[in-house]
Structures are given as C-alpha cells and as structure tokens.
Amino acid sequence: EPEVTQTPSHQVTQMGQEVILRCVPISNHLYFYWYRQILGQKVEFLVSFYNNEISEKSEIFDDQFSVERPDGSNFTLKIRSTKLEDSAMYFCATGRLQETQYFGPGTRLLVL
Amino acid sequence: QKEVEQDPGPLSVPEGAIVSLNCTYSNSAFQYFMWYRQYSRKGPELLMYTYSSGNKEDGRFTAQVDKSSKYISLFIRDSQPSDSATYLCAMSGGVKAAGNKLTFGGGTRVLVKP
C-alpha cells in the first residue's frame, strides 16, 4: 500500500539555523499539507498546497516558513531561522481528494 | 470554548470490550469528520471519515456524527491489545477547491488490557 514518506526522521539544529524537511507524497495525490505537533499538544495545521501554490496557511506559518515542490515529487517545508519554540513533530499529509488526508511518519525537530 | 474537545483519557478496557470515544465541537461549519489512530511517536493513521450526520461502519469500527448536537463518536468492537493507541478526531469545514485544513482534538489515549 502506498505511503507518505518523510526525511529526515530526526533533526537536531542550533537556534537560528535553517532546516529543510522533506516529504514524498503518494504518487497520484494532488493536495499537500504540513502540520506540526508540539509534545503533549494537538496536531496543528500549518499550510496547504495545491496546484503549485499555497492555498491556505495558519497564523503559525509566518515569514520564516516556506514550502515548495521543486521537482514535482518532493514537497518541502523550510524553516529559515529556527527558534526554540519550533521544536515539534512535523507531519506531511497528502490527499488525492480534498476530504481525506494521509499522514507521513513525521520528522522530529529539536532546536537547541 | 475550544473548537474541538476530546477527553484525554486514558481509557482502559479489557480485551474484547467495546471502546467508545467521542468529540464535541463548536464550529457549525464543520462538515467532514475523521478519526485517526496514532501510535506513540508515529504519524496519524486515517481510520474513518464521514460526511455530515449519520453512521458509517467499517469492520470493527463504527463512526457516528450528530451535527445537531455537534457530537461525533467512534466505537471499536471486539477490542484488541493492538488497538492501544491515541485516537484523534479531526474535522474540516467542507470541500474547498484547493484542500481542507483539518482541526484536531487533543486525542484520547486508549489502553486495551489482555
């Protein structure tokens, strides 16, 4: 059964550094999302991406965040200058239809 | 009032029992309702999704939506120790052309004891 994959599984970085989280969607999926889950808290929406552009973003998704699908397959989330509070599990989700989303295993980001 | 509320548990049941989970919500615009299962330090796994009010059954799982009460439920029959996980409800405001953001509950931790 096809799955969403994410790399790396873990990332440790210093505050102020840039990180890029990568996602490989299921092959015929058209809708792409990033969510994050701070330890012990709810899963929170960050951004949705469709037809090569951002379709919706949350208040969390400020200027330090960006997304792109550079080669038509990978879907990336870049955090330009990481802060301590960016430490969280980041999940990519993709869907063939608007109403269903399938999540990847996540990248655990730790900012020191 | 939180947009989506879910009892954090833990909910402990003996193997073979019915697990009953629920969420309440405040936003009447929600139209799609999902249940995800999340094992520790893993990604959410989609179990069920329903549109508007009504029931949906899939194997041991039954999802119910009561939009008039803003209340959704998930029932797991013949529970197994492998069902021990955190169950997340999620909902969205309907189909948009460019995707739907999900709003999640905080999750209910379920323990099924052999």
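Nothing in this text is a laboratory measurement; each read-out follows from the coordinates by a stated rule. What you see is a predicted model; the values in this text were computed from it and never measured. Here the Cβ is made from the backbone with ideal geometry for all residues, glycine too, and neighbour counts use every protein chain on show.
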| field | Choice from B:Lys67, B:Lys101, B:Lys56 with maximal GNM fluctuation in chain B (Cα, 10 Å cutoff) | value | B:Lys101
| Volume per residue, Å³, of the convex hull around the alpha-carbon atoms of the protein assembly as shown? | 125 Å³
| said: Among B:Asp78, B:Asp58, B:Asp66, which one shows the highest mean-square fluctuation when chain B is modelled as a Gaussian network with alpha-carbon springs under 10 Å? | reply: B:Asp58
| What base-10 log of the normalised intensity I(q)/I(0) is obtained for segment A:1-70 from the Debye formula, alpha carbons as equal point scatterers, at q = 0.18, 0.20, 0.23, 0.25 Å⁻¹? | -0.86, -1.06, -1.35, -1.48
| remark: In nanometres, the difference between 0.36 nm per residue of separation and the alpha-carbon distance of B:Tyr71 and B:Ser20 is 17.1 nm
| request: Distance between Cα centroids, segment B:2-18 to segment A:35-49: provide it in whole Å. | output: 21 Å
| query | When only alpha-carbon atoms count, how far does segment A:34-103 stretch along each of its three principal axes, as whole angstroms with the largest first? | reply | 33, 24, 19
| said: If you average the C-alpha positions of segment B:22-46 and of segment A:53-112 separately, how far apart do those two centres end up, in angstrom? | reply: 19 Å
| Other chains near B:99-111: what is the mean number of their Cβ atoms within 10 Å of each residue's Cβ? | 6
| Over chain B, what relative contact order in percent results from Cα pairs under 8 Å that are six or more residues apart? | 37 percent
| request: Would you mind working out the magnitude of the charge dipole of chain A relative to its Cα centre, with +1 at each Lys and Arg C-beta and -1 at each Asp and Glu C-beta, to the nearest 20 Debye? | output: 220 debye
| said: Counting other C-beta atoms within 10 Å, and keeping those with at most 10, which DSSP coil GluC sites (Glu not before Pro) do you find in segment A:7-112? | reply: A:Glu59
| remark: Under Stokes-Einstein, segment A:67-107 at 10 °C and 1.306 mPa s, with its Kirkwood radius over C-alpha pairs, diffuses with a coefficient in µm²/s of 131 µm²/s
| remark: Contour minus Cα-Cα span, A:Ser81 to A:Glu59, at 0.36 nm per residue, comes to 6.2 nm
| request: State whether chain B is rounded, prolate or oblate according to the following rule on the C-alpha gyration tensor (a ≥ b ≥ c being the square roots of its eigenvalues): a/c under 1.5 gives rounded; otherwise a/b larger than b/c gives prolate, and the remaining case gives oblate. | output: prolate
| query | In nm, what is the difference between 0.36 nm times the number of residues separating A:Thr13 and A:Arg69 and their Cα-Cα distance? | reply | 17.9 nm
| remark: For peptide A:42-49, the mean count of other chain Cβ atoms within 10 Å per residue Cβ is 6
